[in-house]
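No lab work stands behind these numbers, since they all come straight from the coordinates. Treat the numbers as computed from the prediction; the structure is a model and nothing was measured. Backbone-built Cβ (ideal geometry, glycine too); neighbour counts: all protein chains shown.
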Amino acid sequence: MMRAVIFDRPGMDNLRVMDVETPKPGPNEVLIRVKFAGVNPVDYFTINRGGKPMPHIPGAEFAGVIEEVGANVRGVDVGDEVVVYNRLFDGSCRYCLVGHEELCVNGGLIGVVTNGGFAEYAVVPATNAIKVPRSVSLDEAATLPVGALTAWHMVFDRAGVRAGELVVVFGATGNVGSYAVQFAKLAGATVVAVSRKAGRVRDVLMGLGADYVVTPDEAQALVNELSNGLGADLVIDAVGQATWNLSFQLVARYGRWVTAGALTGGDVTLNLPSLYSREVTVMGSTGGTRAELIKLLELLSSVGSRRPYTLRWVLMGLGRCLA
Ligand SMILES: [Zn+2]
């Protein structure tokens, strides 16, 4: 038996901590003893909408130690520290074959279409268990699959941020947002972090690499000032409905707008002439690839020292989601 966070009907009020049967790994699966788990909006939505199977154990972001491996498993072994690449993928569709597991036609998220990591143990396909280098702590590794990977894929693969660009990040205090700030800075961009809590979180966001921290109300004036009225080369906005009108308007001619989520709702109005006449590109992004997750682990490993805020953001996310 194991302890698990579980719900039998959609709704936050139905979450319980209960003893349930410890799952057994199939021939191509591993059993992971969960050490750390991140809480993200995807978990909140899963709890409110329901997951598979029901009753359901949520948790789309976690890391731990392999406790047991299935008969066919090669490459990972009992005792290995691993972080879970949380996209299920078949490895054989046209997207998987070109390394875009995040778009697999037979995919889905671990913790949404399977039981997740808010439990003492979780079973995942062995191909989703990615070894964590010794020099990377498991708590930091646990923040990578949703927060860091989503931001990395969005900033580098989709938006292709280049040195010298002006990048505006809405929702900068979120798990994805705080990583997007760091990665845009890593790419050499000038980074404007936008948060309703700008006053309270300025120092933290500056510490992550933001050049400016403003509230949504202040964003337009600052972007105008920094760009001589031209606008931002890239706007990253996973807040959704609540900020779309402003964030789309901030994009410069020939600029890009990208999102990997719609926290406040997904229905927006787009004025087509304001899109084509400015030659703006609107992009979607979702999760990332296994190769990118491995790249992130190598990056963290090479950085060596712990960045102090990563885990804190995850915990703040937990507070927000359960509030
Ligand atoms: Zn596939």
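Take the Cα gyration tensor of the range 146-221, multiply each eigenvalue by 5, square-root it, and list the three semi-axes largest first, rounded to whole angstrom. Don't jump to the answer; show the numbers that get you there.
Working: eigenvalues 69, 35, 21 Å².
They are 19, 13, 10 Å, listed largest first.
Quickly rank 171-181, 56-66 as a protection proxy: mean count of other C-beta atoms within 10 Å, highest first. Write out the running numbers ahead of the final one.
Numbers: 171-181: 28.1, 56-66: 25.6.
So the peptides 171-181, 56-66, ranked by packing, come out 171-181, 56-66.
Once the dipole of the chain is set up with Lys and Arg at +1 and Asp and Glu at -1 on Cβ about the Cα centre, which of ALA193, VAL83, LEU109 lies farthest towards its positive end?
Of the options given, the answer is ALA193.
At what distance in nm do the modelled label points of MET206 and ALA291 sit from each other, each positioned 7 Å from its Cα along Cα→Cβ?
Spacing of the two 7 Å Cα→Cβ label points: 3.9 nm.
Is there a quick way to get the dipole size of the range 50-120? I mean about its Cα centre, with the Cβ of Lys and Arg at +1 and of Asp and Glu at -1; what is the value in debye to the nearest 20?
Values: 4 positive and 10 negative charges, 83 e Å.
Dipole size: approximately 400 debye.
How high is the FRET efficiency from ARG3 to LYS24, r the C-beta distance, R0 22 Å, rounded to 0.05? Could you put the intermediate results ahead of the total?
On the way: r = 17 Å, r/R0 = 0.78.
Efficiency for this residue pair is about 0.80.
Can you give the Rg and Dmax of the range 160-284 based on its C-alpha atoms, in angstrom?
Values for the range 160-284 (Cα only, Rg and Dmax): 13.1, 39 Å.
Would you mind calculating the gained length between MET283 and MET12 on full extension (0.36 nm times residue separation, minus the Cα-Cα distance), in nm to one decimal? Write down the numbers at each step before the final one.
Values: separation 271, 0.36 × 271 = 97.56 nm, distance 3.16 nm.
Length difference between fully extended and current span is 94.4 nm.
Please compute the length gained on full extension between ARG253 and THR215, using 0.36 nm multiplied by the number of residues separating them and subtracting their Cα-Cα distance. Mind dumping the intermediate values first?
Numbers: separation 38, 0.36 × 38 = 13.68 nm, distance 2.31 nm.
Once the chain is fully extended between ARG253 and THR215, it gains 11.4 nm.
Given charges of +1 on the Cβ of Lys and Arg and -1 on the Cβ of Asp and Glu, with all other atoms neutral, how large is the dipole of the range 1-109 about its Cα centre, in debye to the nearest 20?
Values: 11 positive and 15 negative charges, 55 e Å.
It comes to approximately 260 debye.
Can you pull out the trypsin sites (Lys or Arg not before Pro) in the range 38-113 that DSSP calls coil and that have at most 13 other Cβ atoms within 10 Å? Write down the numbers at each step before the final one.
Working: sites: ARG49, ARG74, ARG87, ARG94; in loops: ARG74.
The qualifying sites are ARG74.
What is the gain in length, in nm to one decimal, between SER301 and ASP90 on full extension, counting 0.36 nm per residue of separation less the C-alpha to C-alpha distance? Walk me through the intermediate numbers first.
Numbers: separation 211, 0.36 × 211 = 75.96 nm, distance 2.89 nm.
Additional length available on full extension: 73.1 nm.
Rounded to the nearest 0.05, what FRET efficiency do THR269 and MET54 give with R0 = 45 Å and r taken as the Cβ-Cβ distance? Could you check?
FRET efficiency, THR269 to MET54: 0.80.
Measure out, as a whole number of angstrom, how far apart the alpha-carbon centroids of the range 137-158 and the range 13-57 sit.
With the range 137-158 and the range 13-57 each reduced to a Cα centre, they are spaced 20 Å.
Under unit Cβ charges (Lys, Arg +1; Asp, Glu -1), what dipole magnitude, rounded to 20 debye, does the range 160-284 have relative to its Cα centre? Each step should come with its number before you reach the end.
On the way: 9 positive and 10 negative charges, 31 e Å.
Value, rounded to 20: 140 debye.
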